[in-house]
Structure formats: structure tokens, C-alpha cells
There are 2 protein chains.
Amino acid sequence: MQADEFRAHGHRLIEWIIDYHSRVESLPVESTVAPGEIAALLPEHPGEPDGFEALFADLDRVVVPGLTNWQHPGFFAWFPANTTYPAILAELVSAGLGVQGMSWATSPAVTEVETRMMDWMIDLLGLPDAFRSTSEAGGGVIQGSASEATLTSILAARWRATEGAVNIDSDTTRLVAYATSQAHSSVEKGLRIAGIGTDHLRVVPHDENFAMRPDALADLIAADRAAGLVPFWVCATVGTTNSLAIDPVRAVAEVARAEGVWLHVDAAMAGIATLCPELRWLNEGVELADSYGTNPHKWMGITFDCNLFYTADRISLLGALSILPEYLRTAAAEAGAVIDYRDWQVPLGRRFRALKLWFTLRTDGVAPAQAMIRDHVAWTQQLAEWVADDDRFEVLAPHPLNLLCLALRDGDEATAALISAANATGQVLFTRTVLDGRVVLRFSIGARTTRMADVRDGWALLQRLAS
Amino acid sequence: MQADEFRAHGHRLIEWIIDYHSRVESLPVESTVAPGEIAALLPEHPGEPDGFEALFADLDRVVVPGLTNWQHPGFFAWFPANTTYPAILAELVSAGLGVQGMSWATSPAVTEVETRMMDWMIDLLGLPDAFRSTSEAGGGVIQGSASEATLTSILAARWRATEGAVNIDSDTTRLVAYATSQAHSSVEKGLRIAGIGTDHLRVVPHDENFAMRPDALADLIAADRAAGLVPFWVCATVGTTNSLAIDPVRAVAEVARAEGVWLHVDAAMAGIATLCPELRWLNEGVELADSYGTNPHKWMGITFDCNLFYTADRISLLGALSILPEYLRTAAAEAGAVIDYRDWQVPLGRRFRALKLWFTLRTDGVAPAQAMIRDHVAWTQQLAEWVADDDRFEVLAPHPLNLLCLALRDGDEATAALISAANATGQVLFTRTVLDGRVVLRFSIGARTTRMADVRDGWALLQRLAS
């Protein structure tokens, strides 16, 4: 493809993206295709290239019918993954430059813009200074996902608990980790990847609000110590996937500190809410954490993938993940004057993801995200009032933020049927979960395009279908 | 940012990207900035947004001086990371849609286009049918990097070797892995992540061509078995980073099969050369591998990130990585009719990366990549002849593909000084490595923009500076 074709096609695709966003509301939220239906529209084997016009037509013929539309105003499913124009432009530039950020030397701007953005976000989220790049022992890095951040935290904690021996000695059979049943699946997955089976993951009991009980954590740790085991990592969640439950980070941190256990705070969904100063109570106790992660790619509009991962103990992180083969040695790194972010993550290669934050903060700034977050929280409270007024429904968990967990009093089958019926309209998409044995409809208000009217319509639809 | 602004800015950025590519040759290959110089151009704290014009100006003021230009025709460093117009457009569309591919249900098109592309690439690379999505036990997935592919392979192998016990039982202290000293650093890193220290990574001796000695592998495995250990994973490399050495996959596979050890083939760099049928000898024995990875984001022009990871044993892969919390259950997955790619990788979230392959194969097709690969291989042979004619230099490794490992006979200091002097011109970028104790200048001919004249000029520069 030559430059003039790239220009022409690029302009058409920009128009196509604008058009997609303008009509996304008219599409069903959830794709209605059956398994295999999209694949059947593509040849089984690659043929000769058939050109941009055919490809362009296939965006509407093949791709769009196969999309579950995360940018739809009726998207109340899972968690949001908002994309916004400044971040899309940044992804275009990142792809256009085609540079690597694995080491400082492979493109200094990738590293240094990222370090600045990580520090800027500390200001914008009110996070502790111990996470700054300029702090004695801390720092931050963009990871692709909260799953990777959680795994990275486990690896740093394991290195610290074994005083580095883990890199050489394969015996880590005494290590034990802690989280509630409400923690994200990436906690079990990350531990499993690290070679720590479920026999060494303690499920810490939660209270009636689905939040961790610090006393129970202390008891479990004491029992493990008595058994000769080594408690090494605890995950506190700020905004669980099930119900946005918030573990008491300060109380958990006090237990963890007293026991020398690494505390990771998984604030993947809710942490970004602290863009609003009045929601900074969510950061309570975070200054005692060893590591912390939140996802601008969820609620903030920084197109996936963009997780902010901070640690107050970069020595352990680097101890766990740095490897320096001859072919990656550089003079700048040898001098210790630079950051090589490859040593802060699992993969070697790195995209120029900091551009997404930089483009957004310099064009839109944080005001649109703040306004959206405030709206979503307020609408959730309004929705909760409506639900409370309808005897057929009940609310099953606290809802200080933007997720309401509902169920029909008629029981699990009725709730599950309601979710299916609502989603089948194509106007909304809700996902289910289970809270203490009850099937729950998660009403997650997080899409950037959602208006108050969409929340009202969604609720009206549920009421109608429940009849 | 509103749609009309997105349109206007998007058009300017497309022009800017075209302009960057047209002038990249006039820039120094390696950024000349000192550590901290780019960061100093940005405020320490975020201010109010200053708008697109200021940001746009900063692309040239802040970003470009801080780039090491991987698309420069004089880029002979590390391995290539070619970006091309069709793939850039695909990244634009992927960001524009903002959909998730973690599960089939979260956007069926993301999964089904990816599955088709993985199967198409089997045709195009001449890979075994055991890797096809339609095979009894195999399949493929796009990973972000070869590091992740290697880690994924280790995890699947560990699951199989422990008959799944690893997910529950934290004792994996008997497992042993095998690779040569020439294997990529991600092998040691991946094992370390999986909790397998260097005490259980056996360095298999290599021959004079830096290729694994299968007899030595067999001896090591036998010794470990005799010691009551469990050999579980061997990595054969097709194109090492140091010298593009090629392990004898068939002979290694025969040892591995006889011993029930998982064989991973890391063909990150060289595998993609099999787009050219005359280079399919690189696939010799791959049909005996349990997993295989290659990177279209290196030599093919599929903008980073795009690793093709195939396995012939998806049961073990899914056993190792699948976790199904209530909030991720979907009807389609329960019915077993679909692929949920989140269970094929470490992260949960997934970008729509298959678009990069689809856009490229339908517009440019593979002919440009084939022609480029053939040129690069031919030019490397020509370069080797020139080097052979200059008594001051010697070639230190076989060079059947596109990497020539040179050194000055004067010794390591002279070679290191030559690399520094050449790079300081800004016209070229070479990286160093060490082969059996000798410092080496790696002359890697892989950038899409490189012409024969650039290779000739690069060699002339080395000859001049060596005087």
C-alpha cells in the first residue's frame, strides 16, 4: 500500500469510525450471530488479495454484525471499556511510528513520556508519593491489563519473600497467598501461573458487604505461620467485579505490614473514580500498599489496553523480572541512568501506550471523565431508589459507585430469565453473577454514551419484563 | 473531542505519519537524547489541557527527537519491527471500535476473524495441520509477544506433566526444563515466572553452529530422570537472537517425544521467513512440536503486537489457563460451541489484533513480504562475501537468513569501538552481542525500507571506520 492509498483509505476509515459511533445506538448491544456465523463469511483459505474496497465493504458485512457493542448507551454489562477520540488518535500515531519501548534506548521518548504520564496520574488520582518515579523506592508502569498487574505484583512479592532465592531455587512450596472469594479471577490465575496452586490460596471470609474481614485475614496468617508456612501476598480489591465491594485497605494493610506480607490493591475498576476528589475515600490506606493497579481503559475512556501499575518497592519488582542478556545491554542502562520498562513486565516488547494518556490529558483533560463518573454514580443512586420502590425486586449489595446488583424476589430462575429476556431485546446488555448463592443481574452504568434516559429505559424494560 | 475535531485531527495525523515515513531516512537512526532530556520537555505535573495544536507541535518537538527509528533504512539493530500502512489502518479501526475479545460473546467477530487468520497463516507458512482450529486437539491464538507465547507453552507443559495437579498442588519442585545458552531470555524469564528457578533449567550444550546438540539433550534428560526429577519442557529455537542459529527441531523432537517432554519451537524471528516456500526447510520437524510461535510483527510488517502461537495440545493449554468465574459465564461457552481466547493467554482483556493480519492479507497480500524477505536473505549473502574479502573482519556464525555476525580480528575492544563509532554517525544502528566469549557486531537486515544501497553503505562505513 502506497502513501496516497493510505491517505485515502485512512480518511474513509476515520469517517467510518465516526459513522459507527453515530449509529451504534441503532445496533443491538449484543451480537445476535450464532457460533460460526462470522467465520462462515470468510474463506477457509487465504486467496489472492482482493483489495481495499472489498475489505471495506466487509467491515459492515462481516465485522459489525459480529460485534457486541461496548460503546452502546445500553451497554450495562461486565465493566465498561470506553474508547474516546483522543485515545483513538494516539493509537493511530503509535502504530504509525512503529517504535519499541522495551528498553530506554530502543526509543527514549516511549519510556520518558510514559514515566511522566504515570507521575501525572498520581496527581490526578490522589495516589501516594511513594509510587512516584522520583521516590526512593517506587515507580509506575503501563501494563496491558489488571491481570498482568496482579501477576507482576505476585512475582515481586514472591521475590521479596524468598529474598531473591526464587530466581534460582525452584522450591517455593511454603508460600501462601490471601484474597476473598470476591477477588478477581486473575488472582487465582496469577497465582497458578506463578506455580502456587489453590492449596496455598486462602479464601479470606468477607462480611455482609462482600468486603474482606481483616480479623479473619490475621487469623489465617497466624495459622499458616504456626504450620511453618510463609504468608507472602494479600490482594485487597477496591471495587470487586461481582458487586464493586471495597475491601478495607487500611485495616488489611495494617495486618499485612505487621506480618511482612506484600499488599496488592486491585482497583482495576473503581480506582479511576478518584479522578473526582470527592471519591478519594477510595484511596483510604493505599499509601500502605506495596503495589496498586487501576485501569484507565475501563471508566476513563483511554482505549484498551491501559492499566496503571504502581509499586512502592521497585527493587523487588526488578529482582523478579529483570534479565539482561548480552544482546539487550545498552550503555544508558549500564550507567543506571534510565528505566528499562521490559524489566517491569512479563513481555519484552512494548507499544507506545503512554500516547493515549498524553493525547487525552492535553486535549479533553479529565473534566469529561469526571463529569461522566459523577453522572454514573448519581444515576446509580437514582436507580437504586426506583428499585427499592418495586417490591418484586431487591438490591443485594451496597452501591456507592456505579454498579447495582439486583435480583427478583421470585428466585434465581426468574432473575436469570429476566436477564435473558432483557438482553434479547437488543436494547440493553446485562450480565449475571452469583452473590452468596443468589443469581444477580448486574446493572453496571459505565458506558460513556449512556444518558440518564438510557438508565430509565433500562429499568422500565426490566419492570415490564418482570410482569 | 467531538466528531468534527476527530476528523480534522485524524486527517492531519495521517499526513503526519506519511510525512514521518517520508523523512525518517533523514533522521538519526538512534535517538541522540541524553537520559531525562525528553521528560524535561514535559511539565512535571499535569496542567489544564492545552489543546490539539500544542500537542501536535509536540510530536515534532518532544517525540521525534526521542525516537530510535525502527523504520529507518539504516536500522540493522536487534530484530526488525516493521509497521506497514494496512496494519496501521487496522489498528485505527480496532481502537475505533473499542470492543473486547476476551470471550466469544464479548464480540464474536473478534474471535472468529482471529481463528480464521490463525488458520490462514498455517497455509501461508506451511505449518502442520495439527495446529489448525479444525484439528482434533490443536489450535492457534494471537499473543502479544513471543515472551508470552513461551510462558504460555511452559504453563501448558507444566499442566500436562503434573496431570493438572499444578493448579491445586504448589509442589512443582521436580520439574526440569531444557534450552541452550542461545535461547531467548524469555525462556529463563518465563520459567522464573512459573516458579522454576535456574536450578531446574538445564543449559543444553550447542555445536559449533550454536545449535542444540540432541545427544546432549538426551544425556541431560536421562541424568535428571535417574535423579528422580521430571523433565517437562524443552525449547528449540528457530533463529536465535544472538546469531539466528537453528536448533535441529526434528532430532530434538525425537528425543522429546521419546521422553514425553513438551517441545516448544520458538521461531519468533525466523519462522515468518517460511512465507517463502523455498525457506520452508525452517519448518523441518515442526510437525512433532507441542507448541510453536512466530512473530509477524518482526519481519512481515504486521505492526507490533502480533505473535502467532499454535499448539497441538489445547487441552493442556486450557487446563493450565482457564478459570470460569460466575461473571464470565456465557451460554455459548457453556455449550462448548465457541472459543474463549482469554483461556489461551495470561491477560483477560484482548484487543482486536486479527484485523492487522486481515487488512494486510486482503490488500497487500504476502507478495511484498516475500519479496522483502528474499531481498534481505540475498543481500546478507552478498554482504558475507564482501566481509570475507576484507582480512580485518571475520564472520562468526552461519548466516542462511538475514543476520551476519561480524567481528574485527583485532579483538573485542576494537569491535565494540567500531559499533559505537558506526552508530554515532546516525546513519546506521548495529547492536552487539557475545558469541562464545567474542564480542560481535550484529548486522541484521530486516527493515522494510532498507535497500541494497543501504547495506552497501553500511558495510562501506564499517570498512572506513575500521581503518
Scan segment B:115-133 and give yes if some residue there is at the interface with chain A (Cβ under 9 Å from one of its Cβ atoms), out of contact with any Lys or Arg (no Cβ under 7 Å at 6 or more places or on another chain), buried (at least 24 other Cβ atoms within 10 Å of the Cβ) and not in a helix (DSSP H, G or I), otherwise no.
-> no
Output yes when any residue across segment B:295-305 is modelled with pLDDT of 95 or more, buried (at least 24 other Cβ atoms within 10 Å of the Cβ) and either outside the structural domain of B:GLU114 (by TED's automatic domain parsing) or out of contact with any helix residue (DSSP H, G or I) (no Cβ under 7 Å at 6 or more places or on another chain) (or both), and no when none is.
-> yes
What residue, of B:VAL93, B:VAL33, B:VAL24, is of a type outside the set (Gly, Ala, Ser), in contact (Cβ under 8 Å) with a residue 12 or more places away in the chain and in contact with a Leu (Cβ under 7 Å, 6 or more places away or on another chain)?
-> B:VAL93
The residue from A:ASP215, A:ASP207, A:ASP169 that alone is charged (D, E, K, R) and in contact with an Asp or Glu (Cβ under 9 Å, 6 or more places away or on another chain) is A:ASP169
With the checklist (1) within 14 Å of chain A (Cβ to nearest Cβ); (2) under 30 Å from B:GLY437 (Cα atoms) in hand, flag the one item B:GLU385 doesn't pass.
-> (1)
Boolean, B:THR330 is of a type in the set (S, T, N, Q) and facing chain A (nearest Cβ under 10 Å) = yes
With respect to the numbered conditions (1) more than 14 Å from every other protein chain (Cβ to nearest Cβ); (2) within 20 Å of A:PHE131 (Cβ to Cβ); (3) not aromatic (Phe, Trp, Tyr), which one is the sole condition not fulfilled by A:VAL377?
-> (2)
In the set A:THR431, A:THR449, A:THR415, which member is more than 22 Å from A:MET269 (Cβ to Cβ), hydroxyl-bearing (Ser, Thr, Tyr) and surrounded by 16 or more Cβ atoms within 10 Å (Cβ to Cβ)?
-> A:THR415
Residue satisfying condition, being more than 9 Å from chain A (Cβ to nearest Cβ) and either among the aromatic types (Phe, Trp, Tyr) or over 26 Å from B:ALA270 (Cβ atoms) (or both), within set B:ARG174, B:ARG213, B:ARG160 = B:ARG160
Of a type in the set (Asp, Glu), buried (at least 19 other Cβ atoms within 10 Å of the Cβ), without any contact (Cβ under 8 Å) to a residue 60 or more places away in the chain and in the same structural domain as A:TRP262 (by TED's automatic domain parsing), is that true of A:GLU163?
-> no
Segment B:144-157, subset within 13 Å of the chain's Cα centre (by Cα) and more than 9 Å from chain A (Cβ to nearest Cβ), residue nearest to B:SER322 (Cα to Cα) = B:ALA149
Which condition number in (1) within 20 Å of B:LEU97 (Cβ to Cβ); (2) in the same structural domain as A:ALA424 (by TED's automatic domain parsing); (3) of a type in the set (D, E, K, R) is the one that A:GLU37 fails?
-> (2)
Can you tell me which of A:ASP199, A:ASP219 is within 14 Å of chain B (Cβ to nearest Cβ), over 28 Å from A:LEU127 (Cα atoms) and either aliphatic (A, V, I, L, M) or over 18 Å from the mean Cα position of the chain (by Cα) (or both)?
-> A:ASP199
Which residues, taken from segment A:276-291, are assigned to a loop (DSSP other than H, G, I, E, B) and surrounded by 23 or more Cβ atoms within 10 Å (Cβ to Cβ)?
-> A:ALA289, A:ASP290
Taking the condition touching a Ser or Thr at 6+ places or on another chain (Cβ under 6 Å), under 24 Å from A:ALA81 (Cα atoms) and touching a residue at least 60 places away in the same chain (Cβ under 8 Å), does B:PRO73 pass?
-> no
Of everything in segment A:257-274 that's among the hydrophobic types (A, V, I, L, M, F, W, C) and farther than 24 Å from A:ALA222 by Cβ, which residue is farthest from the chain's Cα centre (by Cα)?
-> A:ALA273
For segment B:1-114, please list each of the helices (runs of 4 or more DSSP H) lying entirely inside it that holds at least 3 residues being of a type in the set (Gly, Ala, Ser), over 30 Å from B:LEU324 (Cα atoms) and at the interface with another protein chain (Cβ under 8 Å from one of its Cβ atoms).
-> B:3-23
What tally of residues in segment B:388-409 results from selecting those that are surrounded by 19 or more Cβ atoms within 10 Å (Cβ to Cβ), farther than 14 Å from B:CYS276 by Cβ and away from chain A (no Cβ under 14 Å)?
-> 5
Scan B:GLY365, B:GLY349, B:GLY301, B:GLY319 and give me the residue that is free of Cβ contacts under 8 Å to residues at least 60 places away in the same chain and either more than 18 Å from the chain's Cα centre (by Cα) or within 12 Å of another protein chain (Cβ to nearest Cβ) (or both).
-> B:GLY365
So which pairs qualify, if the first residue must be in segment B:431-455 and closer than 11 Å to B:ASN402 by Cα, the second must be among the charged types (D, E, K, R) and part of a strand (DSSP E or B), the Cβ gap must be under 9 Å, and the two must be at least 6 apart or on different chains?
-> B:ARG442/B:ARG432
What are the residues in segment B:374-414 that are part of a helix (DSSP H, G or I) and either assigned by TED's automatic domain parsing to the domain that holds B:ASP247 or hydrophobic (A, V, I, L, M, F, W, C) (or both), if any?
-> B:VAL377, B:ALA378, B:TRP379, B:LEU383, B:ALA384, B:TRP386, B:VAL387, B:ALA388, B:ALA414
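Being crowded, with 24+ Cβ neighbours inside 10 Å and touching a strand residue (DSSP E or B) at 6+ places or on another chain (Cβ under 9 Å): is that true of B:GLY74 here?
Working: crowded, with 24+ Cβ neighbours inside 10 Å: yes; touching a strand residue (DSSP E or B) at 6+ places or on another chain (Cβ under 9 Å): yes.
In short, yes.
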Scanning segment A:136-160 for residues that are of a type outside the set (A, V, I, L, M, F, W, C), touching a strand residue (DSSP E or B) at 6+ places or on another chain (Cβ under 8 Å) and in a helix (DSSP H, G or I), the one surrounded by the most Cβ atoms within 10 Å (Cβ to Cβ) turns out to be A:THR150
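Of B:ALA54, B:ALA8, B:ALA39, B:ALA81, which residue is modelled with pLDDT of 95 or more, surrounded by fewer than 19 Cβ atoms within 10 Å (Cβ to Cβ) and over 26 Å from A:LEU59 (Cα atoms)?
B:ALA54
The values are calculated or read from the model by the stated rules, or taken from the named source; none is laboratory data. It should be emphasised that the depicted structure is a prediction, and the values quoted were computed from it without experimental measurement. Don't worry about glycine lacking a Cβ; one is built from the backbone with ideal geometry, like all the others, and counts go over all protein chains shown.
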